[in-house]
Amino acid sequence: MGGGGVAGSGRLRSADALISPDVAETVAKLPDLTPADAAAVKLARRYAAAIDEADPEAAAEVLDKLGPKLLAALEALGATPRSRAARKGGASGPGRGKLAAIREARRPA
């Protein structure tokens, strides 16, 4: 019994291919989490673990199914660029920041 593999997969995977450590690091760095966010944090961690633990033959299907759900959980926690921009009242698309507003204000009528 060796360590370092993904539980239940029967195969070793590179730590670089795992998403759970990145989700854990991201959540740990969120400044505004409260105890009320615990369920969303746990859900995000479980989605990430399920993606990491997916059988290699089903990995693409699992990612297609759970990836959007993980993203939604992270957005709800304010852990994506789009959700952070929305919380600040800014837009998330390119060219929609302060520079675009300045350019728009300077255009001749």
Original post:
Name the pairs whose Cβ atoms lie under 8 Å apart, with the first residue in region 74-86 and without any contact (Cβ under 8 Å) to a residue 12 or more places away in the chain, the second aliphatic (A, V, I, L, M) and in a loop (DSSP other than H, G, I, E, B), and 6 or more positions between them or separate chains?
Top reply: S83/L77; A85/A91
Subject >> Filter result for the condition that a residue is of a type in the set (A, V, I, L, M, F, W, C), loosely packed, with under 15 Cβ neighbours inside 10 Å and either modelled with pLDDT of 75 or more or within 25 Å of I19 (Cβ to Cβ) (or both), over A86, A100, A91 >> reply: A86
**OP:** Return only the number of the condition from (1) over 18 Å from L30 (Cβ atoms); (2) small (G, A, S); (3) modelled with pLDDT of 85 or more that A79 does not satisfy.
**Re:** (1)
Original post:
in contact with an Asp or Glu (Cβ under 7 Å, 6 or more places away or on another chain) and hydrophobic (A, V, I, L, M, F, W, C): does that describe L77?
Top reply: yes
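This table checks each residue for (1) buried (at least 16 other Cβ atoms within 10 Å of the Cβ); (2) of a type in the set (A, V, I, L, M, F, W, C).
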residue: A39; (1), (2): no, yes
residue: L43; (1), (2): yes, yes
residue: I51; (1), (2): yes, yes
residue: K65; (1), (2): no, no
**OP:** Output yes when any residue across region 40-53 is part of a helix (DSSP H, G or I), in contact (Cβ under 8 Å) with a residue 40 or more places away in the chain and closer than 16 Å to R84 by Cβ, and no when none is.
**Re:** no
Subject >> Residue satisfying all of: in region 39-80; over 9 Å from the mean Cα position of the chain (by Cα) and among the β-branched types (V, I, T); farthest from S14 (Cα to Cα) among these >> reply: V41
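The values are calculated or read from the model by the stated rules, or taken from the named source; none is laboratory data. Since this is a predicted model, take the numbers as computed values, not measurements. Cβ: placed from backbone, ideal geometry, glycine included. Neighbour counts: every protein chain shown.
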